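Derivation of every value follows stated rules applied to the coordinates shown; laboratory data play no part. The structure presented is a predicted model; accordingly, all values stated were derived computationally and were not measured. Don't worry about glycine lacking a Cβ; one is built from the backbone with ideal geometry, like all the others, and counts go over all protein chains shown.
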Amino acid sequence: MGFYKEYSRSEIREVIQRVKGREDPLILWVKEPEVKEGSLGVFPASFNPPTLAHLRLIEEAKRGFSLQGIALLLDTRPMDKEIVGAPLEERVLMLLGLFGKRRDISIGICNEGLFVGKLKALRALTPEAKVRFIMGYDTLVRLFDPHYYQDMGKALRELFEGADLLVGLRGKVTRDEVRVFLSLPEVRPYAERIHLFDLPPSLKGISSTQVREKVKRGESILQLVPPSVEEFIREKGLYKEEG
């Protein structure tokens, strides 16, 4: 769809529906990546809404691991979350408001919840790129949960053959707890492909859920989200009626 232009909700909604209508792993870009080779950070998240913690994950990963570009992916089929809160097109608009003018950041819609499926879809689009998935520690733990797989061993082998992970430590997790997790039998074979980085203490506890709950209670979210996101949420009346 080109580098960047203003898209209407109906145009974004059309892209989302095209992705939802496919059974094979697929990514369609709302804002295409300029990086087609070299090191590409890929950050799948709900962005419901984008928070200051999301932004810091992006910047710390880019700076700490010399990424040439970052692709933000919104899932139409999240693994363990219903589509609640803001509609997907509103989340895309919030991301475009934040990153529409940044040439190093692309935005895509994906129909695959599993990381190995995302990797297959990415390989079809950027076969020369070195894929490095960006995630928080909570997502890393879920990645090794057999509940999500028919064959976890096969899926993980395929994933780590083609990508490595950049994991931001958030929440109350300690380095000692992380070392214990990385030593688990199912994790240990891939530990060298898992790279850790810290977030500032003030951002570790920020989550989209926390933002939505504060909006519902009528409390300020100015310390949790970028100003443009706060303004968008307020103007569109998002999250006030969330159950």
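May I ask you to order 154-160, 232-238, 90-96 by the average number of other C-beta atoms within 10 Å around their residues, highest value first?
Sorting 154-160, 232-238, 90-96 by mean packing, highest first, produces 90-96, 154-160, 232-238.
Tell me which of Pro201, Val42, Tyr149 sits at the most positive position along the dipole axis of the stretch 9-204, charges placed on C-beta atoms (Lys, Arg +1; Asp, Glu -1).
Pro201
Which of the lysines could a cross-linker bridge to Lys214, judged by Cα under 24 Å and excluding same-chain residues fewer than eight apart?
Filter leaves Lys81, Lys172, Lys204, Lys236, Lys240.
Provide the per-residue ³J(HN,Hα) series for the stretch 36-53, in order, calculated from phi with Karplus coefficients 6.51, -1.76, 1.60 and θ = phi - 60°, each as a whole number of Hz, with x at glycine and proline positions.
For the stretch 36-53, the Karplus-derived couplings read 10, 8, x, 8, 10, x, 10, 10, x, 6, 7, 6, 10, x, x, 10, 5, 5 Hz, x marking Gly and Pro.
How much of the DSSP beta bridge set in the stretch 9-204 is antiparallel, as a percent to the nearest 5?
10
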